[in-house]
Amino acid sequence: MPNEMNKKQQEIKEKMQQQKYQSKVDNVTPTPPLLKNICWAFVVGGLICTLGQLFTDYFLGLDLPKKEASACATAVLVFLGAFFTGIGVYDDLGKRAGAGSIVPITGFANSIVAPAMEFKREGYVFGVGAKMFVIAGPVLVYGMVTAFIIGLIYWIRQ
Amino acid sequence: MNKKQGMQSVVFTNPPIITSTANIVGPMEGKGLLQGYFDYIMPDNLNGLASWEQCESYLMEYAIKKAIEKESSTMEEVDCVFAGDLLNQLMSTHFAMKNLKRPFLGLYGACSTMVEGMLLSAILLDGGFFNKIVAAASSHHDAAERQYRFPNEMGVQRPPGAQWTVTGSGAVVVSTSGSGPRITTGTIGKIVDYGIKDPNAMGPAMAPAAVDTIWQHLQDIGRTPAYYDMIFTGDLGSVGRDLVIQLLQEKGVDISNNYQDCGCMVYRENQDAHAGASGCASSAIVLCGYIYKRLLQDKLKKILFLGTGSLHSTTSYQQKESIPCIAHAVSIEMP
């Protein structure tokens, strides 16, 4: 019994030591420049969305129905995200814009193309094919699960 | 005679001599603070090879061959090679060693590998087993990044406390005869874990390990920090460096005047490396270029050199384990 008590005391002591150290670390670790990051995210995210709207308006001008027009605009944005990832620009943008370039659909394209490019050397099956969705995969899985649950709620309420 | 002193240290009776060193780096390191202290700066991170991993093998092979060439001995004279890198199963080291065809022992100490290799080399040389050993370590930014973090083209934002893995390699030739600085003592570190889980905060994770080893070294050998002209740690970065000074101050040891971290010596402020350099090559390229030259010029006479390694893996991180860290030390002195 006293042995167990000692072990517990030891554990508590260790935890306290860890917490103390963590607060020391927090004191010396530089914090991200929040205002600058927010401004970048706001401007870049906003610009990407404005670009999307421009494409939607353009396709609407071609007499496409609204649903098709927004699908076309999405396809163009995905292409652009993939293209700028391919020529090595998107990561430089992401470094500054953060969520501003991750959240829009161009960021989704980036998260698929980046691993696909990187794992090309491991071949087209176990490299590109298998690793392509290594980051986007969870987004797809939980996106679909959420859609399913919401659909279910909608169906029950009817 | 037992050469162990204190709890974790060894004192060499015939201190082995660092007879030659060589290093090689990527373009970013080449534009950094130590510009004039590299044997070769690659034009890009592939150097005409098919993959980053192949490039890293090339880095290590180059460093070892160059170090041997610089002291005009031949590869056949090398009794053994201690080497390691950051990749799974020491991939780049093994392919480099395949070409060198020398007796080889692979080491994994993460970023402490260079010092781990030097420590073991010195022990085997002073023990009378061998005459010439090469210790080497390498890391490659892109290869490490894709194994440990995200694909390189991913648009992610690195936190300001993050460090940049060095692309490069360094090799040290340690011999029983010749001229150069000597490895006089060594302290083998033990694993220290203060519960840091964030793999972007490797400096803070490793700092307590460095402190533990520095403290133990001073106790075992009976020295004060003032004995050394400089104390260097491998790759703690600016955040880790501040923590080491602070933690040692709490133990009543002041090293603020003669301490620097190799991770703070590689990149310039405007190179966007954030808190500094990391990786096996961080300590290796600084030791094998700048520090070795300063020793030969007698501008530094006695140094304590520590390799610091964070021994986590991608699996341990995903399973929410904290980062176990280690630091080994060797004292290097001019005769």
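Given springs between every Cα pair under 10 Å in a Gaussian network model of chain B, which of B:VAL253, B:VAL173, B:VAL239 has the largest fluctuation?
Maximum fluctuation in the GNM of chain B, among the listed residues, is at B:VAL253.
Using helices alone, I'd like the mean residue ellipticity at 222 nm for chain B: each DSSP H run of four-plus residues gives -39500 (n - 2.57), total over residue count, nearest 500.
So the calculated ellipticity at 222 nm is -9500 deg cm²/dmol.
Within a 10 angstrom radius of each residue's Cβ in A:14-25, how many Cβ atoms of other chains show up on average? Whole number is fine.
The shielding value for this peptide is 4.
Using 1/(1 + (r/R0)^6) with R0 = 56 angstrom and r between the beta carbons of A:ARG121 and B:LYS4, what's the FRET efficiency to the nearest 0.05?
For A:ARG121 and B:LYS4, the calculated efficiency is 0.75.
Which residues among segment B:240-283 fall inside the zone where the amide N is under 20 Å from a point 7 Å beyond the Cα of A:LYS13, along Cα→Cβ?
It comes to B:250-252, nothing else.
What is the magnitude of the charge dipole of the protein assembly as shown about its Cα centre, with +1 placed on the Cβ of each Lys and Arg, -1 on the Cβ of each Asp and Glu, and no other charges, expressed in debye to the nearest 20?
Roughly 600 debye for the protein assembly as shown.
With a point put 7 Å past each Cα toward its Cβ, work out how far A:TRP155 is from B:TYR148 in nm, to one decimal.
4.7
Starting from the Cα gyration tensor of segment B:160-239, take the square roots of the eigenvalues, sort them a ≥ b ≥ c, and report rounded, prolate or oblate (rounded when a/c is under 1.5, otherwise prolate if a/b is larger than b/c, else oblate).
Taking the square roots of the gyration eigenvalues as a ≥ b ≥ c, segment B:160-239 is oblate.
Between A:GLN22, A:PHE59, A:PHE119, whose Cα lies farthest towards the positive end of the dipole of chain A when Lys and Arg beta carbons carry +1 and Asp and Glu beta carbons carry -1, centred on the Cα centre?
My answer, from the dipole projection, is A:GLN22.
Using a ≥ b ≥ c from the Cα gyration tensor of chain A (square roots of the eigenvalues), is it rounded, prolate or oblate, where a/c under 1.5 gives rounded and otherwise the larger of a/b and b/c decides, a/b for prolate?
Prolate shape, in that a/c is at least 1.5 and a/b is the bigger ratio.
Measure off, as a whole percent, the carbon and sulfur share of the 1.4 Å-probe accessible area of segment A:34-157, all protein chains present.
Roughly 76 percent, rounded to a whole number.
Tell me, what % of the accessible area of segment B:1-43 is carbon and sulfur with a 1.4 angstrom probe?
55
If you put +1 on each Lys and Arg Cβ and -1 on each Asp and Glu Cβ, how big is the dipole of segment A:34-157 around its Cα centre, in Debye rounded to 20?
Dipole magnitude for segment A:34-157 comes out near 260 debye.
Among A:ASP91, B:ASP254, what's the order by accessible area (1.4 angstrom probe), most exposed first?
Correct descending sequence by accessible area is B:ASP254, A:ASP91.
For a label point 7 angstrom out from the Cα of B:TYR40 toward its Cβ, which stretches of segment B:98-140 have the backbone nitrogen within less than 17 Å?
Residues B:98-101, B:136-140 qualify, since their backbone N sits under 17 Å from the label point.
Out of all DSSP beta bridges with both ends in the protein assembly as shown, state the antiparallel percent to the nearest 5.
65
Provide the FRET efficiency to the nearest 0.05 for the B:ASN88-B:VAL253 pair, computing r from the beta carbons and using R0 = 35 Å.
Step by step, r from the Cβ atoms, then E = 0.40.
Of A:ALA130, A:ALA116, A:ALA147, which has the largest mean-square fluctuation in a 10 Å C-alpha GNM of chain A?
Most flexible of the set in this elastic network: A:ALA147.
For A:PHE133 and A:LEU60 in the same chain, what is the full-extension length gain: residue separation times 0.36 nm, less their Cα-Cα distance, in nm?
23.1 nm
In debye, nearest 20: dipole of segment B:20-171 around its Cα centre with unit charges on the Cβ of K, R (+) and D, E (-)?
Approximately 120 debye in magnitude.
Which percentage, to the nearest 5, of the DSSP beta bridges contained in segment B:182-333 is antiparallel?
Taking every DSSP beta bridge with both residues in segment B:182-333, the antiparallel ones total about 70 percent.
Along the charge dipole of chain B, Cβ charges K/R +1 and D/E -1, which of B:THR187, B:SER238, B:ASN47 sits furthest on the positive end?
B:THR187
In terms of Cα to Cα distance under 16 Å, which aspartates and glutamates are near enough to A:LYS13, apart from those fewer than 8 places away along the same chain?
Partners found: A:GLU4, B:ASP193.
If you take each beta carbon of peptide A:111-120 and count the beta carbons of other chains within 10 angstrom, what is the mean?
4
Which value, in Å², gives the accessible area per residue of segment B:4-175 when a 1.4 Å probe is used on the protein heavy atoms?
Ligands and nucleic acids excluded, the figure is 36 Å² per residue.
Let me confirm one metric for peptide B:142-153, namely the mean number of other chain beta-carbon atoms within 10 Å of its residues' beta-carbons.
4
Which of the residues in segment B:186-203 show a loss of at least 50 Å² in accessible area from their chain by itself to the complete set of protein chains, at a probe of 1.4 Å?
Those are B:TYR194, which lose 50 Å² or more relative to the chain on its own.
Output the peptides B:227-237, A:96-106, A:135-145 sorted from most to least packed, where packing is the average of other Cβ atoms within 10 Å over each peptide's residues.
Peptide ranking by packing, descending: B:227-237, A:96-106, A:135-145.
Quote the FRET efficiency, to the nearest 0.05, computed for A:ASN37 versus B:LYS197 with a Förster distance R0 of 25 Å and r equal to the Cβ-Cβ distance.
Efficiency for this residue pair is about 0.60.
Beyond a 25 Å Cα-Cα separation, which of these cross-linked pairs lie in this structure: B:LYS132/B:LYS302; B:LYS101/B:LYS190; B:LYS4/B:LYS293?
B:LYS101/B:LYS190; B:LYS4/B:LYS293
Rounded, prolate or oblate: which one fits the protein assembly as shown, using the alpha carbon gyration tensor with axes a ≥ b ≥ c (rounded when a/c is under 1.5, else prolate when a/b beats b/c, else oblate)?
prolate
For chain A, what is the mean residue ellipticity at 222 nm derived from helices alone (per DSSP H run of n ≥ 4: -39500 (n - 2.57); sum divided by total residues; nearest 500 deg cm²/dmol)?
-26500 deg cm²/dmol
For segment B:256-331, which trypsin sites (Lys or Arg not before Pro) are both in a DSSP coil and crowded by at most 14 other Cβ atoms within 10 Å?
Sparse-neighbourhood loop trypsin sites (Lys or Arg not before Pro): B:ARG268, B:LYS299, B:LYS320.
Between B and A, buried accessible area summed over both sides at probe 1.4 Å, in Å² to the nearest 100?
About 2600 Å² of accessible surface is lost on pairing.
The values are calculated or read from the model by the stated rules, or taken from the named source; none is laboratory data. If you're wondering where the values come from, they're calculated on a predicted model, not measured in any experiment. Cβ sites come from the backbone with ideal geometry, for glycine too, and all protein chains shown count toward neighbours. Accessible surface is based on the protein model in full, side chains and every heavy atom, while ligands, DNA and RNA are left aside. Shrake-Rupley method; radii C 1.70, N 1.55, O 1.52, S 1.80 Å.
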